[in-house]
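Asks: One structure, as structure tokens, below. Some questions next.
The values are calculated or read from the model by the stated rules, or taken from the named source; none is laboratory data. On a predicted model such as this, the values are computed, not experimentally measured, just so you know. When we count neighbours, we look across all protein chains shown, and the Cβ atoms used for this are built from the backbone with ideal geometry, even at glycine. Note: accessible area is taken over every heavy atom of the protein model, side chains too, but ligands, DNA and RNA are not part of it. Shrake-Rupley method; radii C 1.70, N 1.55, O 1.52, S 1.80 Å.
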Amino acid sequence: MLFKMSIPPKLPPIPVPDSAAQQAAMERHARLAKPGNALGQLEVLSVRLAGMTGNLNWRPQAPAVVICAGDHGIVQQNVSTIARGATKQLLLNILNGGAAINALARSYNAAVTVVDVGVAGIIPTHSHLVSEKINYGTADFTEGLAMSPGQVDKAIQLGMRVANAQIDAGADILFAGELGTGNTTSAAAITAAITGASVERVTGRGAGINSDQLQRKINVIETALAKHAPVDEDMLAKLGGFDIAALVGMMMAGAARRIPVVLDGYPSAAAALLAARMEPAVVHYLVAGQRSVEMGHGIALQTLGLTPVLALSMRAGEGAGALLALPLIDAAMMLLQEMATLEETGLEGML
């Protein structure tokens, strides 16, 4: 689609990747004791990470998961099986340590922060909660704008502040999680608008809707796209969510500071599509942690030029799929740094 997202004020400049570090990584891979390209996508990933960080010796030491949470008014159109109020309860479960992301975070020694950008409910204060609710969910985007442009800017700036706070505290890699009933409907609408793919191709079953609800979800998105035509730079306000807008800010902040940002599910990929429309250079700092079961997720990642680290047919959200990629991200850099060379092993000229 030939349009560019408007750039909100106060977005930081994003540096280009370190080409010298990328070249050095490629040259080292060529000298390692293995056939050429034997490590496949791990080689590609390590070269990208070297370019992001400017350091061949980088390894993720302080992972931080940031889960942006917000409800979507589009659920009023019966596009989800999840009951109203579920986002709040799922968020509380994370804060209480009982979610999939918590189990993984304990294993990987990762910090977990939940950001209440727009949950439809009151969330008690908690040490791992950033509560700067912009509104109690978005509006139904079949009836009007999901958010005002001012709300969009507030959400993006909030995502940036939270990401910068994590980096200031020592985080060297960020994992972008999302939580919000109705957010796959928003993600599908955004993906259809940006990629030009048919709504039917990019719309899946979310948390597990039946075939009748899936057709209704498709119809609802088609109605919204027709209402908000032409697709333009205000698409985030028209079709997005507070969670998605905050993720845009998180990605921008990470990229500006050369911190890899690992995407999780479909909504985070939709946020990446929006961020890339604002500033294409942001994609250089994004890693696709996984490809979920959602139909449009793969289309979004393909549009971004990102190959997912994992494909486990997940639909959990919360950053779990992203964090599961951490061991392979670490492995990619460990292999680059620690494997012996052809010369050291006497294999030079033999492979």
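Asks: Kindly list the number of the only condition in (1) free of Cβ contacts under 8 Å to residues at least 24 places away in the same chain; (2) buried (at least 23 other Cβ atoms within 10 Å of the Cβ); (3) not polar (S, T, N, Q) that fails for Lys154.
Replies: (2)
Asks: What single numbered condition from (1) at pLDDT 95 or above; (2) over 21 Å from the mean Cα position of the chain (by Cα); (3) closer than 29 Å to Pro12 by Cβ fails to hold for Gln151?
Replies: Result: Gln151 fails condition (2) only.
Asks: Identify, please: which residue in the stretch 340-351 is in a loop (DSSP other than H, G, I, E, B), out of contact with any Leu (no Cβ under 7 Å at 6 or more places or on another chain) and touching a residue at least 40 places away in the same chain (Cβ under 8 Å) and is, among those, surrounded by the fewest Cβ atoms within 10 Å (Cβ to Cβ)? Explain how you work it out, then say what you get.
Replies: As a first pass, look at the stretch 340-351 and keep what is in a loop (DSSP other than H, G, I, E, B): 340, 346-351.
Narrowing the set further to residues that are out of contact with any Leu (no Cβ under 7 Å at 6 or more places or on another chain) leaves 340, 346-347, 349-350.
Then keep just the ones that are touching a residue at least 40 places away in the same chain (Cβ under 8 Å); that gives 340, 347.
Values: Ala340: 13, Leu347: 15.
Out of the qualifying residues, it is Ala340.
Asks: Quick check on the stretch 124-145: of everything there that is part of a loop (DSSP other than H, G, I, E, B) and within 16 Å of Gln89 (Cβ to Cβ), which residue is least open to solvent (accessible area, probe 1.4 Å)?
Replies: It comes out as Gly137.
Asks: Being loosely packed, with under 14 Cβ neighbours inside 10 Å and either free of Cβ contacts under 8 Å to residues at least 60 places away in the same chain or of a type in the set (A, V, I, L, M, F, W, C) (or both) is the filter; apply it to the stretch 211-229 and report the residue that is farthest from Thr303 (Cα to Cα). Before you say what the answer is, go through the steps one by one.
Replies: Within the stretch 211-229, the first condition is being loosely packed, with under 14 Cβ neighbours inside 10 Å, and the residues that meet it are 211-212, 215, 226-227, 229.
Still in the list and also either free of Cβ contacts under 8 Å to residues at least 60 places away in the same chain or of a type in the set (A, V, I, L, M, F, W, C) (or both): 211-212, 215, 226, 229.
Details: Ser211: 27, Asp212: 29, Gln215: 25, Ala226: 22, Ala229: 21 Å.
Among those residues, the one meeting the criterion is Asp212.
Asks: For Gly208, indicate whether it is in a loop (DSSP other than H, G, I, E, B), at pLDDT below 95, surrounded by fewer than 24 Cβ atoms within 10 Å (Cβ to Cβ) and on the phi > 0 side of the Ramachandran plot.
Replies: In short, yes.
Asks: Which one is least open to solvent (accessible area, probe 1.4 Å) among residues in the stretch 47-57 that are under 16 Å from Met339 (Cβ atoms) and in a loop (DSSP other than H, G, I, E, B)?
Replies: Applying the filter and picking the extreme gives Leu56.
Asks: Among the residues of the stretch 296-339, write down those that are open to solvent by 40 Å² or more (accessible area, probe 1.4 Å), touching a helix residue (DSSP H, G or I) at 6+ places or on another chain (Cβ under 9 Å) and free of Cβ contacts under 8 Å to residues at least 40 places away in the same chain.
Replies: Selection gives Gln302, Gly305, Ala311, Leu312.
Asks: Please verify whether the stretch 238-247 includes one or more residues that are under 30 Å from Ala103 (Cβ atoms), small (Gly, Ala, Ser) and at pLDDT below 95.
Replies: no
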